[in-house]
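In what follows, a single structure is set out as structure tokens and then discussed.
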Amino acid sequence: MNISSLSINRPVLATVISIVLGVIGPASIFACDCGPTPSVMSGVEHSQLVIHGKVIHAEFKKALHRDPAMSDSLSKVDQRLHFGSPYVNEYTVVVMQAFKGASVNDTIIIRTGLDPVTDCGLVLPPGSEHLIYAKSVFVDHQFLASDDQIAFAYSTSACTRTKRFSKREAKAITKVLPMVQNVQYRDSY
């Protein structure tokens, strides 16, 4: 028996293919693809914020507010391609050591995607300490927090050097700081 002699019901085959692509397709469209991890020098140079911070609060799958006039005419896939995910993980972080862009004891908002696999997000458990490399969420680095206080908001992802705190990485950051201290922030997008 060869494959050409098999009789296949085309509508059934089309339905099966549609279901498979519907399930697998979105994950592959939005899969995280970072490329090589940047060097410490590059990480510091291309970040507006580099800190050793402690996560004091985590809000998982926080809905972002969007202007409906901007997205009503777009499909869900096009909305995500143009505006990113409608949800983020948002963390409140206290700065324990400031390398760039903050001061010790500042409280900073860090936003990431939801999932390291699909959108390069990070999961930072409350109480954990991390070395965070981040970029500003807003042009002026600020937004009004829920209690009407000014908060500093930054974004990071699995594609940066953000990781659990290590003395070795902190020492490497300290070593490259004098070389990048006078370099203006350059957007790499």
**Message:** When you scan region 66-89, do you find a residue that is surrounded by 15 or more Cβ atoms within 10 Å (Cβ to Cβ), out of contact with any Ser or Thr (no Cβ under 7 Å at 6 or more places or on another chain), part of a helix (DSSP H, G or I) and at pLDDT 80 or above, even just one?
**Reply:** no
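Select from region 97-134 the residues that are basic (Lys, Arg) and either surrounded by fewer than 18 Cβ atoms within 10 Å (Cβ to Cβ) or at pLDDT 90 or above (or both) and list them in ascending order.
To start, the set of residues in region 97-134 that are basic (Lys, Arg) comprises 100, 111.
Within region 97-134, just Lys100 meets the criteria.
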**Asked** On the given criteria, is Gly22 at pLDDT 60 or above, small (Gly, Ala, Ser), surrounded by fewer than 14 Cβ atoms within 10 Å (Cβ to Cβ) and more than 29 Å from Gly127 (Cα to Cα)?
**Response** no
**Message:** So, in region 138-182, how many residues would count as being surrounded by fewer than 16 Cβ atoms within 10 Å (Cβ to Cβ) and at pLDDT below 50?
**Reply:** 9
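Among the residues of region 113-136, write down those that are of a type in the set (S, T, N, Q) and more than 23 Å from Met41 (Cβ to Cβ).
The first filter runs over region 113-136 and keeps only residues of a type in the set (S, T, N, Q), leaving 118, 128, 136.
Residues satisfying the conditions are Thr118, Ser128.
The values are calculated or read from the model by the stated rules, or taken from the named source; none is laboratory data. The structure displayed is predicted, hence computed values, not measured ones. Note that we place each Cβ from the backbone using ideal geometry, even for glycine, and neighbour counts take in every protein chain shown.
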